[in-house]
Amino acid sequence: MAVDFDNIRADIEKKKYRLIGSGSGRLVYDLDNGYVIKVVKNRRGLAQNKAEYRIAASDHSHIFAKVTAVSEDSYYLVMEKAEMMSSIAEVWKYYHVRNNRELFRLKKFREAIRKNNLLLADLGRLNSWGKVRGKPVIIDFGFTSEVSRYYSPFGFRFNFNI
């Protein structure tokens, strides 16, 4: 997907796009074309964009939203837009489990979590999930253990065993 990041940057400054999310490191804008753009606010957000791009580029599990483009400096990351979910129970129902513990014990999740050093505490939150074409996918997966270690206020975060 060819993306003109200079035009998008200018359109964001002109407030052409609606802000639909904000975290500690990034802002998320709706591009009104089935995609969102995650814009870096600080070093933590930059590390998250880099991690999401790396994870998405090597993903074969299909549990993550697709990243379609990233700017050369990684300050802008384009991802398919997901619908909001009303409850984490929608994820459990889709994967035929009763809770997050069972979900993260499924082979595809276990492998993705270990391979990418993902934090279960983050993946278990409703706002880390969305639906694309009716399927629950993880939409916020850039806060890995490495990102946490270097950019968290305390320099570490606990990851629970699965």
Spatially proximal lysines relative to residue 14 (Cα-Cα < 22 Å; intrachain offsets below 8 disregarded): 38, 41, 81
Percent of alpha-carbon pairs separated by more than 13 Å within the stretch 6-51: 54 percent
Restricting to DSSP loop positions (anything but H, G, I, E, B) with no more than 14 other Cβ atoms inside 10 Å of their own Cβ, which GluC sites (Glu not before Pro) remain in the stretch 88-136? none
Counting other Cβ atoms within 10 Å of each Cβ, which GluC sites (Glu not before Pro) in the stretch 22-82 have at most 11 and sit in a DSSP loop? 72
In order through the stretch 119-131: 3J(HN,Hα) via Karplus (6.51 cos²θ - 1.76 cosθ + 1.60), integer Hz, x for Gly, Pro: 9, 4, 4, 6, 5, x, 8, 4, 6, 8, 10, x, 10
If N is the residue count of the stretch 13-87, its Cα Rg over 2.2 N^0.38 Å rounds to 1.08
Taking chymotrypsin sites (Phe, Trp or Tyr not before Pro) as exposed when DSSP calls them loop (any state but H, G, I, E, B) and at most 11 other Cβ atoms lie within 10 Å, what is the longest stretch of the chain free of them, the sites themselves excluded? 1-153
Given H placed on each backbone N at 1.01 Å, which residues far from residue 74 in sequence or on other chains put an amide H within less than 5 Å of it? none
What is the extension gain from residue 98 to residue 16, computed as 0.36 nm multiplied by their sequence separation minus the C-alpha to C-alpha distance, in nm to one decimal? 25.4 nm
Would you mind estimating how fast the chain diffuses translationally, via Stokes-Einstein at 10 °C and 1.306 mPa s with the Kirkwood radius over Cα pairs, in µm²/s? 98 µm²/s
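Computed from the coordinates by the stated procedures, all read-outs in this text should not be read as laboratory data. Computed from a predicted model, the values in this text were never measured in an experiment. So basically every Cβ, Gly included, is an ideal-geometry build from the backbone, and we count neighbours across all protein chains shown.
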